[in-house]
Amino acid sequence: MDAMNTPPAAASPRSRRVPARKAPPGRRDSRRPEVTRPETRRPELRRPRPGAGSPAAARPAASPSASALRAAAARERERQPPFWFASRLVLVLSGQRPVHTLLGHTRSSAYEQLAGLASGAPLRPRGADRRSPAVLDARGSRPSDGVIEAFARIVTGDRQRAMAFRLELCSDRRWRCAAVELDGQSPSDRSRPQHLQRPERPKPERPGPHRPRPGSREP
């Protein structure tokens, strides 16, 4: 047979090459502007300054004001037994509080003295100045353990008064008033009649220059 008349052999399906598919070209709309995304930048890490976190570089605390210091000193003063008792005694002796408010803070003898003094409200302001009495100062000394001899200066109106009282530490570890005097005079002297009160001692006369008696001759 002639080789020219033989038909060519059919190619196998595996041997056929399929052309690779290409993505469709992107569509662009000329009516819309192109949007460009901004470039993202990483935040820069700042290094701490030398000494910024150290205790020495911290801001110093503000000092308390003068009013705060005065208030703290007043609170500390009110906690002291002489001032605490002086303030309560002034309230009773000026008629602002009844006597029985100090029943648990006084001994029986001092309670009777206080009741005798408070009957006339001696610290009540009189005259044109009607301001409430106040404690100017209250101090005390301790002659022995568990005993305070206290003294207080009180202003009432335009006058200043003096009050002395004795504090004793009882078995329950609480201070109690054992005696009280106002202006150096006990309430027992105030309740007595004028002719029965203790007479004041005469002051001794100072020796002066010798003066001859009238009608006598000097030697």
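The values are calculated or read from the model by the stated rules, or taken from the named source; none is laboratory data. Model, not experiment: these values are computed from the prediction. Positions of Cβ are backbone-derived with ideal geometry, glycine not excepted, and every protein chain shown enters the neighbour counts. In case anyone asks, the SASA skips ligands and DNA or RNA and just uses the protein heavy atoms, side chains included. Shrake-Rupley method; radii C 1.70, N 1.55, O 1.52, S 1.80 Å.
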Worksheet item: For the range 158-171, in order, what is each residue's ³J(HN,Hα) by Karplus, 6.51 cos²θ - 1.76 cosθ + 1.60 with θ = phi - 60°, in whole Hz (x at glycine and Pro)?
Response: 9, 10, 10, 10, 10, 9, 10, 8, 10, 10, 10, 8, 8, 5
Item to complete: Report the local net charge at Arg107: Lys and Arg +1, Asp and Glu -1, summed over other residues whose C-beta lies under 11 Å from its C-beta.
Response: 0
Worksheet entry | Local electrostatic count, Arg97, Cβ distance below 15 Å [Lys/Arg +1, Asp/Glu -1] | +2
Worksheet item: Once the Cα gyration tensor of the range 147-188 is found, what semi-axes does its equivalent ellipsoid get, as square roots of 5 times the eigenvalues, in whole Å, sorted largest first?
Response: 24, 11, 7
Item to complete: Please work out how much accessible surface Glu112 shows to a 1.4 Å probe, ignoring ligands, DNA and RNA, in Å² rounded to 10.
Response: 130
Response to the item:
Between the modelled labels at Ala66 and Leu169 (7 Å from Cα along Cα→Cβ) the distance in nm is 3.8
Worksheet, complete the sentence: Cα-Cα pairs in the range 54-176 separated by more than 25 Å, as a whole percent of all pairs, come to 36
Worksheet item: Each residue of the range 137-145 in order: what ³J(HN,Hα) in whole Hz does its phi give by Karplus 6.51 cos²θ - 1.76 cosθ + 1.60, θ = phi - 60°, with x for Gly and Pro?
Response: 7, 8, 9, x, 10, 10, x, 8, 5
Fill in: Tail weight of P(r) past 14 Å, computed on alpha-carbon pairs of the range 87-159, percent
64
